[in-house]
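What follows is a single structure, written as structure tokens, with notes after it.
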Amino acid sequence: MTTLVFNATPLIYLSKVSLIEKLEELPEKKYLPQSVYDEVVTKGKELGLADALKVDKLIKEDVIEIKSPSDYGFTKHLLGNPRIHFADAEVLSLTKELHAIALIDDEESRAIADLEKISNHGTVYLLFCFLRKAIITKKEFMDKLNKMIEEGWRCSTELYSKIIMALDNF
């Protein structure tokens with residue numbers, strides 16, 4: 001079974017479009033490093049963000065587990081690149097350690113993951129997972145995608161076009 005390691009952005013935007021609870025319906029093991037927890041939940045609670053409470057609830061219900069990488073040497077190696085943030089480096093390190101899939105939207109971090117041969121996908125991958133398992137319909141997929149964009153999720157017109165074509169072929 002595949003394992004998923006979450007960065008902040010997918011958790012935040014799934015929460016903003018009321019899909020975060022659907023993670024429970026995916027059979028994969030789900031993790032996030034402590035640094036991502038601090039970014040999403042701890043800071044989010046300080047700011048009074050509902051997203052933080054939703055993610056914290058999934059952690060308390062053991063849907064998502066907090067787990068930091070054990071190989072700090074690899075994390076340090078990744079941090080040698082000035083374009084990667086600490087939480088992103090931890091996500092990629094944990095992903096490599098667990099032979100998992102990193103769920104990360106940051107283009108720089110995904111490029112580094114590709115260079116390091118670390119499997120990675122973005123938030124849209126989860127929308128397709130939900131669709132594949134009939135957790136959402138094609139219409140809900142489009143509604144949620146558009147809502148994510150309205151909420152501030154960044155998507156180039158090229159990526160949006162590719163998503164639409166993939167959805168049409170689904």
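Hey, among ASP62, ASP51, which residue is part of a loop (DSSP other than H, G, I, E, B) and out of contact with any Leu (no Cβ under 7 Å at 6 or more places or on another chain)?
On the way: ASP51 fails: part of a loop (DSSP other than H, G, I, E, B).
Selected residue: ASP62, the only one of ASP62, ASP51 that is part of a loop (DSSP other than H, G, I, E, B) and out of contact with any Leu (no Cβ under 7 Å at 6 or more places or on another chain).
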Open item on the list: Out of the residues in the range 13-51 meeting the condition of being under 17 Å from CYS129 (Cα atoms) and of a type in the set (A, V, I, L, M, F, W, C), tell me which one is surrounded by the fewest Cβ atoms within 10 Å (Cβ to Cβ).
Closed with: LEU26
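Take LYS96 and decide whether it is out of contact with any Asp or Glu (no Cβ under 9 Å at 6 or more places or on another chain) and under 19 Å from VAL36 (Cα atoms).
Working: out of contact with any Asp or Glu (no Cβ under 9 Å at 6 or more places or on another chain): no; under 19 Å from VAL36 (Cα atoms): yes.
No.
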Task: Criterion violated by PRO69 - all others in (1) within 17 Å of GLU39 (Cα to Cα); (2) in contact (Cβ under 8 Å) with a residue 24 or more places away in the chain; (3) under 15 Å from the mean Cα position of the chain (by Cα) satisfied - done: (3)
- [ ] Take the range 108-133 and flag every residue that is closer than 19 Å to LYS29 by Cα and of a type in the set (Gly, Ala, Ser).
- [x] SER119, GLY122
Task: Residues within the range 37-85 that are of a type in the set (Val, Ile, Thr) and more than 23 Å from HIS99 (Cα to Cα), tallied - done: 4
- [ ] Could you grab me the full set of residues in the range 134-161 that are under 18 Å from the mean Cα position of the chain (by Cα), basic (Lys, Arg) and at pLDDT 95 or above?
- [x] LYS144, LYS147
TODO: Determine whether the range 74-90 contains at least one residue that is at pLDDT 95 or above and in contact with a strand residue (DSSP E or B) (Cβ under 7 Å, 6 or more places away or on another chain).
DONE: no
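Give me the residue from the range 72-105 that is polar (S, T, N, Q) and more than 15 Å from the chain's Cα centre (by Cα) and, out of that set, nearest to PHE6 (Cα to Cα). Before the answer, list the steps.
Of the residues in the range 72-105, the ones polar (S, T, N, Q) are 75, 81, 93, 95.
Going one step further and asking which of them are more than 15 Å from the chain's Cα centre (by Cα), we end up with 75, 81.
Values: THR75: 16, ASN81: 20 Å.
Filtering the range 72-105 for residues that are polar (S, T, N, Q) and more than 15 Å from the chain's Cα centre (by Cα), the one nearest to PHE6 (Cα to Cα) comes out as THR75.
Kindly provide the set of residues from the range 65-80 that are touching a helix residue (DSSP H, G or I) at 6+ places or on another chain (Cβ under 7 Å), in a helix (DSSP H, G or I) and of a type outside the set (Val, Ile, Thr), ordered by number. Outline the logic, then answer.
Narrowing the range 65-80 to residues touching a helix residue (DSSP H, G or I) at 6+ places or on another chain (Cβ under 7 Å): 66-71, 74-75, 78-79.
Next, from what is left, pick out any that are in a helix (DSSP H, G or I): 74-75, 78-79.
Correct list: PHE74, LEU78, LEU79.
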Open item on the list: Cβ-Cβ under 6 Å, sequence separation 6+ or interchain: first residue in the range 95-110 and more than 16 Å from LEU79 (Cβ to Cβ), partner hydroxyl-bearing (Ser, Thr, Tyr) and in a helix (DSSP H, G or I). Which pairs?
Closed with: ASP105/THR9; ASP105/THR123
TODO: Kindly provide the set of residues from the range 52-80 that are among the acidic types (Asp, Glu) and either under 15 Å from LYS29 (Cβ atoms) or surrounded by fewer than 16 Cβ atoms within 10 Å (Cβ to Cβ) (or both), ordered by number.
DONE: GLU61, ASP62, GLU65, ASP71
TODO: Return the pairs, sorted by first residue and then second, in which the second residue is of a type outside the set (A, V, I, L, M) and surrounded by 13 or more Cβ atoms within 10 Å (Cβ to Cβ), the first residue lies in the range 131-148 and is more than 15 Å from LEU23 (Cα to Cα), the beta carbons are less than 6 Å apart, and the residues are 6+ apart or on different chains.
DONE: MET148/TYR13
- [ ] Provide a single number: the residues in the range 4-48 that are of a type in the set (Val, Ile, Thr) and not in a helix (DSSP H, G or I).
- [x] 2
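The values are calculated or read from the model by the stated rules, or taken from the named source; none is laboratory data. Since this is a predicted model, take the numbers as computed values, not measurements. FYI the Cβ positions are ideal-geometry reconstructions off the backbone, even for glycines, and counts take in every protein chain you see.
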